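The values are calculated or read from the model by the stated rules, or taken from the named source; none is laboratory data. Worth saying up front: this structure is predicted, and the values here are computed from it rather than measured. When we count neighbours, we look across all protein chains shown, and the Cβ atoms used for this are built from the backbone with ideal geometry, even at glycine.
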Amino acid sequence: MLTVKGVVLTQKPVGEQDKFIDILTDELGVLEVLVKGAGKISSKSGCATQLFAYSAFCLHRGKRGYILDSVSPIRIFYSLRDSLTAVALASYFSQVVQFSVLPQASNREIQRLFLNCLHFLAEKQYPESMLKSIFELRMSALLGFMPDVVMCRSCGAYLPETLLFSVEEGSFCCKACAGSAENGIEMPAAVLQAVRHIVLQDMERIFSFRLHEDCMKILCMFAEQFLQYHFDHRFSALDYYRAVCRPLDEQN
Ligand SMILES: [Zn+2]
């Protein structure tokens, strides 16, 4: 018998009544768990085993894997479901977690980041684009892809007015130092400060910064490219998120 606190990342039905769920635990990586009788409407485990639910799971090991004995919800992010884009973004976060978390590893910080992002997504306290960038950059840093945010790699300037940040090299160079061969995403100092904040601050403070809309767009582009390049993987949920955002972008 095993008790773990975990967030449901994916679910897939098996047969008429049962389903498999993948949960992100704090200590044991991602576990696949069989939930019996999930299809029954009276199922007590219903809401606690839903997608993105954070619950305490009691499990036992069956012949082919873990089977759910009992479960109690800790936090259900009900209001996530009010928004198609929020659900799509949460699915992208899930896919990234599932792709990168190693089994049996301690994932406390990753679980915390994921839960915080779900919380703010559900509460609509911050723009989705900001939450997406925070998740992408902090997740990259937690997995060892830490951008070098200290200073210009050529002259050592701490806060140049404009700079070029290379996604591939994970470091930056001020515009004045950059030769014509230099490439990277051009950003003002404010965006560099936001990147520093996201990768260096304590977890409870990473959401507390503000950026002008134009700067937020640059941060978004940088964060998305940075994760995609270093994880070397195309996430289908990201394509889906973009597709559901498109009609909304066109309205604006
Ligand atoms: Zn420089």
Selected residue [at pLDDT below 95 and aromatic (F, W, Y)] from F77, F120: F77
Residues that are free of Cβ contacts under 8 Å to residues at least 12 places away in the same chain: which helices (runs of 4 or more DSSP H) entirely in segment 176-252 hold 2 or more of them? 213-231, 236-251
Subset of segment 189-205 [more than 15 Å from the ligand (Cβ to nearest atom) and closer than 20 Å to Q225 by Cα]: A190, V191, Q193, A194, V195, R196, H197, I198, V199, L200
Going by the conditions given, is G37 outside the structural domain of L143 (by TED's automatic domain parsing) and at positive phi? yes
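Let's see how each residue does on (1) surrounded by fewer than 20 Cβ atoms within 10 Å (Cβ to Cβ); (2) more than 16 Å from the ligand (Cβ to nearest atom); (3) farther than 22 Å from R210 by Cα:
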| residue | (1), (2), (3) |
| --- | --- |
| R108 | yes, yes, yes |
| S140 | no, yes, no |
| G156 | yes, no, yes |
| L164 | yes, no, no |
Suppose the filter is under 20 Å from F93 (Cβ atoms) and of a type outside the set (A, V, I, L, M); does S154 pass it? no
